[in-house]
1. Show 310, 292 ordered by accessible area, largest first, where the area counts protein heavy atoms only and the probe is 1.4 Å.
2. Based solely on C-alpha atoms, express the radius of gyration and the Dmax of region 254-313 in angstrom.
3. For region 210-348, what does the accessible surface come to per residue with a 1.4 Å probe? Please give it in Å².
4. Among 298, 76, 14, flag the residue with its Cα farthest along the positive direction of the charge dipole of the chain, charges on Cβ as +1 for Lys/Arg and -1 for Asp/Glu.
5. Which residue fluctuates most in the GNM of the chain (Cα springs below 10 Å): 44, 174, 353?
6. Past the 22 angstrom mark, what percentage of all C-alpha to C-alpha distances in region 226-377 do you count?
7. With a 1.4 Å probe and all protein chains left in place, how much of the accessible area of the chain comes from carbon and sulfur atoms, in whole percent?
8. Hey, if we sort 30, 253, 200 by accessible area with the 1.4 Å probe, largest down, what's the order?
Amino acid sequence: MKRKQNIRWNTMKILVIGLLSVIVLGAVLLWLPVSNEKPISFLDALFTSTTSVCVTGLVTVVPKYQFTIMGKIILLILIQIGGLGIIACITAFFMLLKRKITVKERIVIQEAYNMNSLGGLVGMVRRILFGTVVVEGIGAVFYAIQFSRDYGLVKGIWYGVFHSVSAFCNAGIDILGEDSLARYVTNPLINITTMMLIILGGIGFTVWYDVIDNGKKIWYREIPKKWCFTRLKLHSKIAIVTTLILLIAGTLLNFVLEYRNPETIENLNTGQKIMASAFQAVTTRTAGFSTFQQSGMHEETGFLNIILMFIGASPGSTGGGIKTSTLFVLIQGIKSAATNRSEKAFHNAIPKDAFRKASVITLLAVALVSAGTWLMA
């Protein structure tokens, strides 16, 4: 038991030290004259590096005008590292060097991804990296179709790559200017591509491959089609169902609340209003892009989006927040206490300590947000 606690502590130290090291190194690189069109304070460089690695989407400078092509490439690398995670990036580096992953390093990977066994860990990281390249590559192609028309072929391809990585990693940082994706509020290609990348990045890698593996079994007729959902792992079911509920509810509420707001979506037709509302529901979950002015929203819409941001994405994903699984377990725990029944999800018993962990995570998050709000106020 003590050995396991030591391993977990070492893993946490590696994650924290690795994260801080990348942030500081990124800040220094973004601070250099070669990275900037005009002078930048180290505090702004540090803030930009932090927001990139932590994939939050907040910026104190406008990346399009502040950074040179070198600075934007550094920004892109920091976003990619932040989205994939320090452990995955270190493992990828070892793979490129064709260095064998030791047992100790496999244990660190196991603890970082909360896996049950050491078997297949390196293969899992390899699948994560491969899947990331494929999805980001496809997203870059779709972006480039539109951006090439607007900015020319070379810049269009570069913009496609940057925004595909930023969207998939749920960073929400753009290099288009001060208005994010506002000029594309009525463009289905940009809207749908961005939403799909954010959702795929935020649903979690374990869900991806669980769905793919289940799909293969159906394809080869190992299981009937009607089992396409029931044979998924409990975690995948929770992530998919909670994500769908949040996206549908978020879209409907954004649509209703902002329908007559001239500063957001009133001037759009019904289809465009639905698309803009869906985009808002997706991006506020954990990304940071926008297709209309956020300051123009009604206060009740802003509060709704605060809730969506607080919940965030799913475990094992590129997004943040308290996670969909935490919300699901918390609701099931409250339901169980109210009805005096055992905690279950999709006919599976929820572990006894799951509600306690979900409660602790939520309370700590509320405390941090409250403290941050007070300090900013």
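The values are calculated or read from the model by the stated rules, or taken from the named source; none is laboratory data. Here the structure is a predicted model, which is why all the values come from computation and not from measurement. Quick reminder, even Gly has a Cβ in these numbers, built from the backbone with ideal geometry, and neighbours come from all protein chains shown. What goes into the accessible areas is simple: the full protein's heavy atoms, side chains included, and nothing from ligands, DNA or RNA. Shrake-Rupley method; radii C 1.70, N 1.55, O 1.52, S 1.80 Å.
1. On the way: 310 60, 292 15 Å².
Greatest to least solvent exposure: 310, 292.
2. 10.6, 31
3. Heavy-atom SASA per residue in region 210-348 reads 54 Å².
4. 14
5. 353
6. In whole percent, the share of Cα-Cα pairs in region 226-377 beyond 22 Å is 49.
7. 68
8. Descending accessible area places them as 253, 200, 30.
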